[in-house]
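A.B. asks: Below you'll find the structure I mean.
Where a number appears in this text, it was derived from the coordinates with a stated rule and is not lab data. In this text the structure is predicted, and so the values were computed from the model without any measurement. Here Cβ is always computed from backbone atoms with ideal geometry, including for glycine, and neighbour counts include all displayed protein chains.
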Amino acid sequence: MISIIGSGQVGTSIAFLCMSHVLDDVLLVNRNENKAIGESLDISNTIPFNSKFFIQGTSDYSKIVGSNIVIITASTGLYRNNRYENTISQVITIIDIAKKIKLYCPDAIVLMISNPLDVLTYVFQKETLFSRFKVIGIASSLDSSRFRYLISEKFSIPQSLISNALVIGEHGDSMVPIFSGVSVDGSKLSSMLDVNEKITMTNNIRNYWKRLRVYKSRSQFGIAKQTYDVVEAIRNLKEITIPASIVLEGEYGENNVAMGVPVKINKNGISEIQIIDLNESESMLLKESSQIIKDQLRSVFSNF
């Protein structure tokens, strides 16, 4: 069973994908039980006739017992200027959720979607003491998809011609697009952009969510699909390679921080943290990005 904590736009979009693609039973958990029940009743009408799976809504955490995947999308409020606006209330919420998950399904793989993503991934892992390879923050793959889209938009080419468009580091204003590894129809992207164009594209990736917010309240389908792809790989015994947030213990020279790096994920969680080549500028930016997350963590723990 897949349990999804939070029945807002993102949680319900993930549930819709899981049910309509006949992936597994889904439990929607929300503090407003009527919201969870209503969304489950709606999504139940998308289940194919030959599916054996069901969806339910509840506010009762004890029902997550037996879940092998738990997805956390819970939010205490909409941020408007940066992802750290509601940090303390989000941390309090995640600590409470972490205790319940540890109690009812301690063997689950946990996918963190809530923001600030890297801070909450770290807090959850330290609160539960789950294996760091089973607490995975899903966001850098979304940033990478935005990177790929912006390259496609700039050069008016299909995204299928773009490979290795990775964004790592913080899921925030210091995220690091890795220009040095991107190929565009066989050519190196770095040779196709000057310094100013790279700066502009970096800013556009970092501020993509703000551009989107001009037109709708929040991103929804992109992160839902990125999360679904991971769940589908785990559930169907496949392997997927994406950038995702994980607590680091020496990788990329970093400790006591969670941030996005390239990983392989299989039925057991993260099976490998990949170390990719970075140029000097990218290494420096990644170090700065890590420090920003550490500063936020230090601020959080000073309040507890």
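A.B. asks: What nm value, rounded to one decimal, do you get for the distance between residue 284 and residue 62 when each label is placed 7 Å out toward the C-beta?
C.D. replies: If labels sit at residue 284 and residue 62, their model points lie 5.8 nm apart.
A.B. asks: Dividing the convex hull volume of the Cα atoms of the range 138-304 by its residue count, what figure in Å³ per residue is obtained?
C.D. replies: Spelled out: Cα convex hull of the range 138-304, divided by residues, is 143 Å³.
A.B. asks: Name the lysines eligible as straight-distance cross-link partners of residue 100: C-alpha to C-alpha under 24 Å, and not fewer than 8 places from it in the same chain.
C.D. replies: Within the straight-line limit of under 24 Å, residue 100 reaches these lysines: 35, 63, 126, 134, 267.
A.B. asks: Sequence-distant or interchain residues sharing an amide H contact under 5 Å with residue 271, placed H: which?
C.D. replies: 264, 265, 266
A.B. asks: Let me ask you something else. Please report the antiparallel percentage of the DSSP beta bridges confined to the chain, to the nearest 5.
C.D. replies: Given both bridge residues lie in the chain, the antiparallel proportion sits at roughly 55 percent.
A.B. asks: Would you mind giving the three semi-axes, in whole Å and largest first, of the ellipsoid equivalent to the chain according to its Cα gyration tensor?
C.D. replies: 31, 22, 18
A.B. asks: How far is helix 9-20 tilted, in degrees, relative to the longest principal axis of the Cα atoms in the chain, given as a value from 0 to 90 rounded to the nearest 10?
C.D. replies: Approximately 70 degrees, to the nearest ten.
A.B. asks: Quote the FRET efficiency, to the nearest 0.05, computed for residue 131 versus residue 251 with a Förster distance R0 of 22 Å and r equal to the Cβ-Cβ distance.
C.D. replies: 0.90
A.B. asks: Please work out how much length the chain gains when fully extended from residue 81 to residue 173, using 0.36 nm per residue of separation minus the C-alpha to C-alpha distance, in nm with one decimal.
C.D. replies: Taking 0.36 nm per residue and subtracting the Cα distance, the gain is 32.1 nm.
A.B. asks: Alpha carbon centre of the range 17-57 versus the range 250-304: separation in Å?
C.D. replies: Here the answer is 34 Å between Cα centres.
A.B. asks: Next question. Treating the beta-carbon of each Lys and Arg as +1 and of each Asp and Glu as -1, no other charges, what is the dipole magnitude of the range 63-106 about its Cα centre, to the nearest 20 debye?
C.D. replies: The calculation lands at about 100 debye.
A.B. asks: Same structure, new question: Can you give the relative contact order of the chain as a percent, counting alpha carbon pairs under 8 Å and 6+ residues apart?
C.D. replies: 17 percent
A.B. asks: Sticking with this structure for a sec: Output the direction-averaged projected area (hull surface divided by four) of the convex hull of the alpha-carbon atoms of the range 2-137, in nm².
C.D. replies: It is 7.7 nm².
A.B. asks: Please get the size of the charge dipole for the chain, origin at its Cα centre, with Cβ charges of +1 on Lys and Arg and -1 on Asp and Glu, quoted in debye to the nearest 20.
C.D. replies: Roughly 600 debye, rounded to the nearest 20.
A.B. asks: Let me ask another. Given 174, 289, 37, which one lies farthest toward the positive end of the charge dipole of the chain, if we put +1 on the Cβ of every Lys and Arg and -1 on the Cβ of every Asp and Glu?
C.D. replies: Final value for the positive-end residue is 37.
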